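Everything on this sheet refers to the single structure shown next.
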Amino acid sequence: MKTLLLLSLLLLCDINLSAQEIPIQKSQLPREAQAFLKEHFKSGFHHAIKEVNERVILYDVFLNDNTEIEFNESGRWIKVDGKGQALPVTFLQKQTLDYVKIKYPAAQITKIERSASVYKLELSNKIDLKFDAVGTFIKAD
């Protein structure tokens, strides 16, 4: 039992020591992230955090309207979360936007996540939609 407890504590310490959160300025974000913010988000920049661990560097950006945007190491957006509020969608494919407008005309997009091949959208009516990388609808949850 003591061995298990000690092992758990060591693992917890290792996880905490390996991940660092560093406050940074907007100018310290990758250029692609800076350009994305300037083009698509008019709400003022509040603060940013650079997350560093053994395998990856991520940037979390917080805007004055409570929107949170996560970028990868190169500055490509991974997640945009409006915290329940409508997001600007000028960076999404037209095909995706057209689908949402036709099928859910009263809903707004409040959260977007992307991986290499899938975009996940959360709507204000709590419906989740998945699209492929070119904007073709996959499924609704």
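In table form, for the structure just shown:
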read-out	value
Chain lengthening between GLU54 and ILE24 when straightened (0.36 nm per residue, less Cα-Cα)	8.9 nm
Extension gain from LYS101 to HIS46, taking 0.36 nm per residue of separation minus the Cα-Cα distance	16.7 nm
Interchain or long-range residues, amide H under 5 Å from SER43's placed H	none
Cα long-axis angle, helix 31-40 against the chain (0 to 90 degrees, to the nearest 10)	40 degrees
Packing-based order for 98-106, 77-85, using average beta carbon neighbours within 10 Å, highest first	77-85, 98-106
Förster radius 35 Å - calculated FRET efficiency between LYS38 and SER117 (Cβ-Cβ, nearest 0.05)	0.80
Degrees, to the nearest 10: 94-103 long Cα axis against longest axis of the chain	70 degrees
Too-long pairs where the Cα-Cα distance tops 25 Å, listed order kept, from LYS26/LYS111; LYS50/LYS101; LYS42/LYS103	LYS50/LYS101; LYS42/LYS103
Filtered trypsin sites (Lys or Arg not before Pro), the range 18-78: DSSP coil and at most 11 other beta carbons within 10 Å	LYS42, ARG55
The range 37-62-the range 124-141 distance, computed between alpha-carbon centres (Å)	25 Å
Per-selection Rg to Rh, the range 20-140 - Cα, Kirkwood hydrodynamic radius	0.98
With Cα atoms, 0 to 90° folded angle of helix 2-18 axis to the chain main axis	60 degrees
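Read-outs: derived from the displayed coordinates by stated rules, not from any lab. Just so it is clear, the structure is predicted and the values come from calculations on it, not from any experiment. With ideal geometry, Cβ positions are generated from the backbone for all residues, glycine too; neighbour counts draw on all protein chains shown.
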